[in-house]
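Novice: Take this structure first; my questions come after.
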There are 2 protein chains.
Amino acid sequence: MTQDVTNRDHALALDEQDPLRELRDEFVIDSPDVIYLDGNSLGRLPQATRRRLDQVIGEEWGRDLITSWERWIDRPYQVGDLIAEHLLGARPGEVVVSDSTSVNLYKLASAALDARPGRRAIVTDDDNFPTDRYILQGIAAQRGLELRVLASDPIHGPSPADVAAVLDSDVALVCFSHVAYRSGALLDMAAITRLAHDAGALMLWDLCHSAGSVPVRLEACGVDLAVGCTYKYLNAGPGAPAFLYVRRELQDRLRSPIWGWFGQRDQFAMGLEYDPVPGVGRFQVGTPPILGVSAVEEGVRLLARAGIDQLRAKGVALTDYLIRLADAWLAPLGFEVATPRDPQRRGSHVSLAHPEAYRICRAWIERYRVIPDFRAPDRLRIGPAPIYTRFVEVYDALDRLRRLVENKEYAEYDATPARVT
Amino acid sequence: MTQDVTNRDHALALDEQDPLRELRDEFVIDSPDVIYLDGNSLGRLPQATRRRLDQVIGEEWGRDLITSWERWIDRPYQVGDLIAEHLLGARPGEVVVSDSTSVNLYKLASAALDARPGRRAIVTDDDNFPTDRYILQGIAAQRGLELRVLASDPIHGPSPADVAAVLDSDVALVCFSHVAYRSGALLDMAAITRLAHDAGALMLWDLCHSAGSVPVRLEACGVDLAVGCTYKYLNAGPGAPAFLYVRRELQDRLRSPIWGWFGQRDQFAMGLEYDPVPGVGRFQVGTPPILGVSAVEEGVRLLARAGIDQLRAKGVALTDYLIRLADAWLAPLGFEVATPRDPQRRGSHVSLAHPEAYRICRAWIERYRVIPDFRAPDRLRIGPAPIYTRFVEVYDALDRLRRLVENKEYAEYDATPARVT
């Protein structure tokens with residue numbers, strides 16, 4: 001095996017040695033000429049999910065109709081337990097599949113603030129995912145609280161020291177993304193959670209970019225609250241329902257602001273007074289989306305087969321390889337690696353900054369069939385998904401990118417994003 | 001054609017004359033021996049939806065991956081417009097598909113209260129659907145408001161006079177179900193909305209049991225706000241996303257309590273400050289569930305083919321027929337019709353009260369393959385869906401029910417519901 005990373009044989013050798021290489025066949029790959037590097041935005045369709053959805057649609061819904069609710073009613077909990085066990089380092093009964101990440105964040109942040117009456121501040125950072133910031137802004141505005149937004153390092157995100165500097169006895173809630181959506185920075189969950197607790201605050205983690213790509217240790221870190229999505233590394237499909245986690249010891253002390261009937265004790269008695277179930281189920285609201293919940297189950301089972309430690313090892317290897325190629329080929333073309341170089345400090349995606357990132361992104365997609373993501377203002381975000389991305393895809397994608405930029409093939413594209421909506 | 005309703009030929013003749021009879025073939029009916037009378041809880045699977053979901057899963061997600069967001073991003077609005085036009089009597093841009101009914105009710109009720117500062121009361125009724133009552137209880141508790149819960153007539157629901165009696169200048173919001181989930185009572189939307197407005201309050205209707213079964217005239221009635229689900233008469237599948245309506249003139253004055261990124265102007269700029277889009281889209285929150293939204297589209301297209309006025313006419317005929325058979329066969333066995341007899345005052349389902357309703361329900365399902373719903377404490381709820389239920393199914397179902405009760409075949413079943421969860 002050659003040690004020259006810029007030789008394609010090196011990539012082929014890495015694929016050959018990859019213990020997860022056969023899992024790629026578990027996914028629908030109908031356009032083999034496309035190199036898909038956006039699994040951290042929308043994961044691929046597993047074959048098993050296609051079969052499962054066909055069965056849920058045709059048999060559970062189409063044939064068995066309302067009687068399927070006997071099976072469906074516990075599914076958000078069952079799938080929550082799977083996520084807890086295989087991906088989050090959490091205990092049974094601590095995770096439930098429900099709503100969207102944004103709605104879950106709203107519910108948990110509101111509940112946390114109610115549990116810290118008198119405290120007037122929420123802490124987050126300016127590189128936290130937009131919806132997290134907006135949700136917290138809305139809650140702060142409604143309650144007249146102070147939102148302390150750390151100006152975080154754009155590559156490494158907030159360090160424990162940065163966080164410590166804004167914590168005091170007025171802080172009720174601390175909320176960060178475990179892996180930053182843009183830079184890929186992986187925060188120190190244990191240290192930051194400890195700091196929040198030392199200040200008497202509750203800690204809420206957004207796991208959207210870490211669940212399924214890096215091991216999460218919610219119990220070991222003593223995390224209070226967490227939310228995350230399932231359409232990225234969990235491969236559950238566009239807009240599949242999110243999950244939420246509430247530490248067991250806190251559950252019965254917290255109450256959702258949205259008192260829905262799926263959180264009601266003895267739900268079908270349809271009693272007059274709201275009386276929330278014990279446990280994490282009180283954070284359910286309306287009728288759970290069964291197709292989506294079932295897709296989450298299949299996605300998690302596939303990740304469980306791979307094993308989160310294997311996925312993490314491959315994620316580190318893929319991003320390491322990507323960064324080496326970027327250093328060799330792209331740095332001379334004006335690209336900068338905008339993701340931590342220390343693998344212990346990053347998740348499974350890499351951002352490259354370039355002043356022409358938007359046009360380059362368009363050209364990469366349209367001329368070379370490579371699909372990354374653009375993130376404002378100047379980032380190419382490249383997310384090789386450990387469960388199905390090959391090293392040779394990373395090689396070929398960056399090779400095409402180099403050619404494209406060398407030849408300025410992006411010049412014909414608009415320099416600024418059109419509005420998507 | 002015989003005029004004797006208790007003669008099965010009468011049912012067959014009604015089916016023969018039914019202008020919607022061919023639409024039944026548009027649904028998956030894999031167990032023809034089952035008589036399904038719970039379409040008002042979970043509608044059947046349309047053939048077109050099965051095909052469409054297969055395409056959305058395999059092609060849009062599996063093959064086209066993230067690039068499909070160009071198509072998906074507007075789908076919640078497009079399907080909202082379809083619902084508005086064909087089912088709700090609302091204008092384009094007034095309806096969007098989003099979240100669950102419960103979450104939508106929370107968003108709209110909260111926004112309404114913010115728009116009526118200083119007013120301290122919310123009005124609803126004790127037979128409103130449980131989640132509506134719980135959501136409003138939660139909001140009232142959080143804000144220290146008074147929840148005025150009308151003790152409504154269990155068959156006819158609150159009349160305009162009942163509502164007028166509790167309205168005053170302290171009421172910010174009035175919220176009822178257009179068709180009551182249990183009795184099937186259809187409220188006078190125009191009159192009650194007018195009363196709410198006369199008192200200076202905003203009016204929020206829950207359309208879960210009316211959308212797709214009775215014509216709704218939101219614009220003509222000057223309704224401010226509405227929510228509704230899609231897994232009943234819209235046949236969009238278990239836990240499919242709900243819709244919400246905000247009257248055009250109000251949209252830019254109202255703000256969701258949940259500031260999600262799908263309600264953000266220039267969403268993918270991912271700017272620091274929340275700045276909601278103009279229009280109904282500001283009530284979107286997280287990433288919309290695309291499978292569910294697509295299923296809603298197919299369900300609505302099918303209802304549009306039938307036409308809401310035709311559906312209503314058949315709904316009246318089916319429930320009328322059902323009530324006549326109940327009078328002839330079931331009244332002597334201790335059943336009471338617990339639904340308005342005046343077709344102008346009911347939706348498309350009928351409740352029959354019987355002290356042994358729970359056991360009868362179990363026996364009807366297990367021994368006779370008829371699927372109704374049980375609703376606490378003593379109701380059999382029977383929902384013939386105009387788009388696919390045949391008159392002869394109503395005949396056969398009630399014929400079996402009569403036999404079952406005459407022979408006390410329910411005696412071996414438990415008299416009280418086991419907890420479903």
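Novice: Placing unit charges on C-beta atoms (Lys and Arg positive, Asp and Glu negative, everything else neutral), compute the dipole magnitude of segment B:78-233 about its Cα centre in debye, rounded to 20.
Specialist: It comes to approximately 200 debye.
Novice: Follow-up question, since we're still on this one. Write down Rg/Rh for segment B:77-182, rounded to two decimals, with Rg from the C-alpha atoms and Rh from the Kirkwood relation over Cα pairs.
Specialist: Taking Rh as the inverse mean 1/r over Cα pairs, Rg/Rh reads 0.99.
Novice: Jot down the radius of gyration and Dmax of the protein assembly as shown, Cα atoms only, both in angstrom.
Specialist: Computed over the Cα atoms of the protein assembly as shown, radius of gyration and Dmax are 27.7, 91 Å.
Novice: If you take every DSSP beta bridge whose two residues both sit in the protein assembly as shown, what share of them, in percent to the nearest 5, is antiparallel?
Specialist: 50 percent
Novice: Tell me, what is the FRET efficiency for A:R51 and B:A304 to the nearest 0.05, using R0 = 22 angstrom and their Cβ-Cβ distance as r?
Specialist: Taking R0 as 22 Å, the efficiency between A:R51 and B:A304 is 0.10.
Novice: Expressed in whole Å with the largest first, what are the equivalent ellipsoid semi-axes of segment A:155-310 derived from the C-alpha gyration tensor as the square root of 5 times each eigenvalue?
Specialist: 28, 23, 12
Novice: Hey, what does the equivalent ellipsoid look like for chain B, semi-axes from the Cα gyration tensor as sqrt of 5 times each eigenvalue, largest first, whole Å? Kindly include the intermediate steps, with their values, before the conclusion.
Specialist: Working: eigenvalues 267, 145, 69 Å².
Listed largest to smallest, the semi-axes of chain B are 37, 27, 19 Å.
Novice: For segment B:207-215, what does the Karplus curve 6.51 cos²θ - 1.76 cosθ + 1.60, with θ = phi - 60°, yield as ³J(HN,Hα) per residue in whole Hz, taken in order and with x for Gly and Pro?
Specialist: Going residue by residue, I get 9, 3, 9, 10, 4, x, 10, 10, x Hz, with x marking Gly and Pro.
Novice: Among B:M270, B:F283, B:L65, whose Cα projects farthest towards the positive end of the dipole of segment B:50-305, with charges put on the beta-carbon of Lys, Arg (+1) and Asp, Glu (-1)?
Specialist: My answer, from the dipole projection, is B:L65.
Novice: Relative contact order (percent) for chain A, with alpha-carbon contacts under 8 angstrom and 6 or more residues of separation?
Specialist: Value for chain A: 22 percent.
Novice: Checking the cross-link filter: which lysines have an alpha carbon closer than 26 Å to that of B:K107, excluding same-chain neighbours under 8 positions apart?
Specialist: A:K107, B:K232
Novice: Which parts of segment A:378-421, residue by residue, lose 30 Å² or more of accessible area when the rest of the protein chains are there, as against the chain isolated (1.4 Å probe)?
Specialist: A:R419, A:V420, A:T421
Novice: Ranked from the most accessible area to the least, with a 1.4 Å probe and all protein chains present, what is the order of A:E26, A:E297, A:E16?
Specialist: A:E16, A:E26, A:E297
Novice: Karplus couplings for segment A:146-151 from phi (6.51 cos²θ - 1.76 cosθ + 1.60, θ = phi - 60°), rounded to Hz, Gly and Pro as x?
Specialist: 9, 9, 8, 9, 5, 7
Novice: Which residues of segment B:112-138 show a drop of at least 10 Å² in accessible area when all protein chains are present, compared with their chain alone (probe radius 1.4 Å, heavy atoms only, ligands and nucleic acids excluded)?
Specialist: Buried-area filter returns B:D126, B:F129, B:P130, B:T131, B:R133, B:Y134, B:I135, B:Q137, B:G138.
Novice: Given the protein chains as shown and a 1.4 Å probe, how many square angstrom of A:T6 are accessible, to the nearest 10?
Specialist: 40 Å²
Novice: Roughly to the nearest percent, how much of the accessible area of segment B:50-305 is carbon and sulfur, given a 1.4 Å probe?
Specialist: 48 percent
Novice: Related question: Would you please give the residues with an amide H less than 5 Å from that of A:D64, counting only those at least 5 places away or on a separate chain, with H modeled from the backbone geometry?
Specialist: Those lying under 5 Å, H to H, from A:D64: there are none.
Novice: Another question, then. Rolling a 1.4 Å sphere over the protein heavy atoms, what is the accessible area per residue of the protein assembly as shown, to the nearest Å²?
Specialist: For the protein assembly as shown, the solvent-accessible area averages 33 Å² per residue.
Novice: Other chains near A:251-262: what is the mean number of their Cβ atoms within 10 Å of each residue's Cβ? Don't skip to the end; give the middle numbers.
Specialist: Working: counts 0, 0, 0, 0, 3, 2, 9, 14, 13, 12, 10, 5.
Taking the mean over all residues of the peptide, I get 6.
Novice: Still on this structure, please answer the following. On the full set of protein chains, 1.4 Å probe, figure out the accessible area of B:V223 and give it in Å² to the nearest 10.
Specialist: 0 Å²
Novice: To continue, here is another question. Under the Karplus relation 6.51 cos²θ - 1.76 cosθ + 1.60, θ = phi - 60°, what is the ordered set of whole-Hz ³J(HN,Hα) values for segment B:40-50, x standing for Gly and Pro?
Specialist: Running phi through 6.51 cos²θ - 1.76 cosθ + 1.60 with θ = phi - 60° gives 7, 10, 9, x, 5, 7, x, 4, 5, 6, 4 Hz.
Novice: Moving on. Select from A:T339, A:A165, B:Q310 the residue farthest towards the positive end of the dipole of the protein assembly as shown; place +1 on Cβ of Lys and Arg, -1 on Cβ of Asp and Glu, and compute about the Cα centre.
Specialist: Sorting the options by dipole projection puts first A:A165.
Novice: Whole number please: convex hull volume per residue of the Cα set in segment A:265-421, in Å³?
Specialist: That works out to 182 Å³ per residue.
Novice: Using the Cα centre as the reference, give the magnitude of the dipole from point charges on the C-beta atoms of the protein assembly as shown (Lys, Arg: +1; Asp, Glu: -1; all else neutral), rounded to the nearest 20 debye.
Specialist: The calculation lands at about 520 debye.
Novice: Can you list the residues of segment A:282-315 that have at least 50 square angstrom less accessible area with all protein chains present than in their chain by itself, probe 1.4 Å?
Specialist: The answer is A:T287, A:L291 - residues whose exposure falls by at least 50 Å² when every protein chain is included.
Novice: Report the calculated FRET efficiency for A:Q17 and A:D168 (r = Cβ-Cβ distance, R0 = 41 Å), to the nearest 0.05.
Specialist: 0.25
Novice: Around A:L150, which amide H atoms from residues at least 5 apart in sequence, or from another chain, sit under 5 Å from its own amide H, with H modelled in the peptide plane?
Specialist: Residues meeting the criterion, in which the H sits 1.01 Å from N, are A:T124, A:D125, A:D126.
Novice: What's the buried accessible area, both sides, between B and A using a 1.4 Å probe, rounded to 100 Å²?
Specialist: 6900 Å²
Novice: Here is a further query. If we restrict to alpha carbons, what Rg and Dmax does segment B:331-421 come to, in Å?
Specialist: Cα radius of gyration and Dmax of segment B:331-421 are 13.1, 39 Å respectively.
Novice: Using the Cα atoms of segment A:283-324, I'd like the radius of gyration and the largest Cα-Cα distance, Dmax, both in angstrom.
Specialist: In order Rg, Dmax, the Cα atoms of segment A:283-324 give 15.7, 48 Å.
The values are calculated or read from the model by the stated rules, or taken from the named source; none is laboratory data. This is a predicted model, so every value here is computed, not measured. Cβ atoms come from the backbone with ideal geometry, glycine included; neighbour counts cover every protein chain shown. Remember, those area values only see protein heavy atoms, side chains included, never the ligands or the DNA or RNA. Shrake-Rupley method; radii C 1.70, N 1.55, O 1.52, S 1.80 Å.
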